[in-house]
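Since every read-out is calculated from the coordinates, none of them should be taken as a lab result. Not measured: the values here are computed from a predicted model. Quick reminder, even Gly has a Cβ in these numbers, built from the backbone with ideal geometry, and neighbours come from all protein chains shown.
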Amino acid sequence: MPSNVNEGDLDWKEYEHGDNAFRRKELSNATDGEQLGCSLYELEPGKRSWPYHYHAANEEALYVLSGTGTLRIDDAEVAIESGTFVPCPANAQGGHQVVNDGDEPLRYLMMSTMEEPDVTVYPETGKFGVYVGSPPGGRDERSLEGYYRVEEDVEYWEG
């Protein structure tokens, strides 16, 4: 029988860096699931989720449970509300960030394939992240993980 979890049994993890502030419950990591990730997020009014980014290997999808806000996706802004479902493909067109510009907390599920290796690109800051051994949001140890500036690209044979 597959494992299951009730979100009420999990503690919130809190993240805060300026306007990027949210709470998260890692639903999938509390189960035996391996190839599908799912987290419950809550953003207070005026706050944002992770910085604008996209994945090279992992497709994500957002499903809004309650509240209203804006999803920045593929350089556009889309209004989101309870019942909204939006896929985020694994390429630049899937670039996304959730913004709570409403008056009440915004609660949503973020689901993801759990492919590795993966590269996460942050176009607005000129950075990218590399994940080998466990995908972003994964629970296993990684053999390589880090964040790098795109501008520091070097030639293949350069030492």
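When ranked by the protection proxy of mean other Cβ atoms within 10 Å per residue, highest first, what sequence do the peptides 21-28, 61-68 form? Please report the intermediate quantities before stating the final value.
Working: 21-28: 18.9, 61-68: 17.2.
Ranked by mean Cβ neighbours within 10 Å, highest first: 21-28, 61-68.
Between (1) 26, 21, 14; (2) 44, 17, 12; (3) 24, 19, 17, which matches semi-axes √(5λ) of the Cα gyration tensor in Å calculated for the structure shown?
Recomputing semi-axes √(5λ) of the Cα gyration tensor in Å here picks out (1).
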